[in-house]
Amino acid sequence: MGNSTKKIRLATIWLDGCSGCHMSILDMDEKLIEIAEYVDVVYSPYVDEKEFPPNVDLTIVEGALSSDHDIAMIKKIRENSKLILALGDCAITGNISAMKNLFGSDAVLQKGYFDLADINEGNAYPSKIVPKLLDKVLPLHEVIKVDYFLPGCPAPADAIYEMLKALIEGREINIHELTRFGK
Ligand code: SF4
């Protein structure tokens with residue numbers, strides 16, 4: 001894999017998703033060791049880095065865009081990433097995260113923070129720790145240009161491996177071959 005000794009600067013981020021797609025990255029198992037030879041993970045839930053860095057070669061994004069924080073973050077990621085991979089159906093279509101579009105943000109907040117809350121001192125929306133929700137959950141491509149889409153819920157580990165391998169080697173890849181049902 002790869003002829004260059006320069007490692008790819010890789011970031012991953014978990015926006016409005018369930019973390020299942022990040023679990024699928026870990027499901028590459030022993031192939032992670034092979035991939036690790038060719039990448040530096042510069043920002044990710046897997047590493048302790050607080051600020052999204054500049055000059056990232058590839059950012060893998062899990063999850064849809066649900067809050068003003070997500071919008072600011074994805075714009076920052078786009079400015080600082082050569083390539084962006086939308087990983088999984090939430091990032092690509094909204095998927096499970098977008099189910100709240102059926103009810104609206106106010107109804108979801110009412111249910112989560114008031115109706116079902118065991119403790120809610122002051123009966124107030126915790127705006128200091130929960131960012132403002134968008135009226136509608138959005139897939140990534142509605143806000144930024146996305147370079148690659150890898151569907152699935154979660155996106156399969158083997159497909160993530162093949163895609164990363166192709167990107168590391170600078171090859172084009174037919175994603176449909178990786179994600180057919182029954183494979
Ligand atoms: Fe979770 Fe599925 Fe969304 Fe991935 S696509 S974050 S596995 S709900």
- Taking N as the number of residues in the range 1-145, what is its Cα Rg relative to 2.2 N^0.38 Å? 1.19
- Message: Output wanted: per-residue J couplings in Hz (rounded whole) for the range 53-65, from phi through Karplus 6.51 cos²θ - 1.76 cosθ + 1.60, θ = phi - 60°, x for Gly and Pro.
- Response: x, x, 6, 8, 6, 9, 10, 9, 10, 9, x, 8, 9
- Once the in-chain neighbours fewer than 8 apart are removed, the lysines whose Cα is under 25 Å from LYS75 read LYS7, LYS50, LYS100, LYS128, LYS132, LYS136, LYS145
- Item | For the range 1-73: rounded, prolate or oblate by the Cα gyration tensor [a/c cutoff 1.5] | oblate
- Query: Pick from ILE119, ILE84, ILE96: which is most flexible by mean-square fluctuation in a GNM of the chain where alpha carbon atoms under 10 Å apart are linked?
  - Reply: ILE119
- Item | Dipole magnitude of the chain, debye to nearest 20 (Cβ charges: Lys/Arg +1, Asp/Glu -1, about Cα centre) | 460 debye
- Using the Karplus curve 6.51 cos²θ - 1.76 cosθ + 1.60 with θ = phi - 60°, work out ³J(HN,Hα) for each residue of the range 66-72 in order, rounded to whole Hz, and write x for Gly and Pro. 10, 9, 5, 5, 4, 5, 4
- Can you pull the three principal axis extents for the Cα set of the range 64-183, in Å, largest first? 56, 36, 22
- Task: Please label the shape of the range 25-66 as rounded, prolate or oblate, based on the square roots a ≥ b ≥ c of the eigenvalues of the alpha-carbon gyration tensor (a/c under 1.5 means rounded; beyond that, a/b larger than b/c means prolate, else oblate).
- Result: oblate
- So which residue, out of GLU162, GLU34, GLU51, gets the largest mean-square fluctuation from a GNM of the chain using Cα contacts under 10 Å as springs? GLU51
- Charge dipole magnitude, Cβ of K and R +1, D and E -1 - the range 73-116, Cα centre, debye nearest 20: 260 debye
- Message: Run the numbers for SER19 and LEU102: contour at 0.36 nm per residue of separation, minus the present Cα-Cα distance, in nm.
- Response: 27.6 nm
- Segments 60-70, 101-111 sorted - mean Cβ within 10 Å per residue, highest first: 60-70, 101-111
- Query: For the chain, modelled as a GNM with alpha-carbon contacts under 10 angstrom, which of CYS21, CYS153, CYS90 fluctuates the most?
  - Reply: CYS153
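Here, each number is a calculation from the coordinates, and none is a lab measurement. What you see is a predicted model, and the numbers here were worked out from it, not measured in a lab. With ideal geometry, Cβ positions are generated from the backbone for all residues, glycine too; neighbour counts draw on all protein chains shown.
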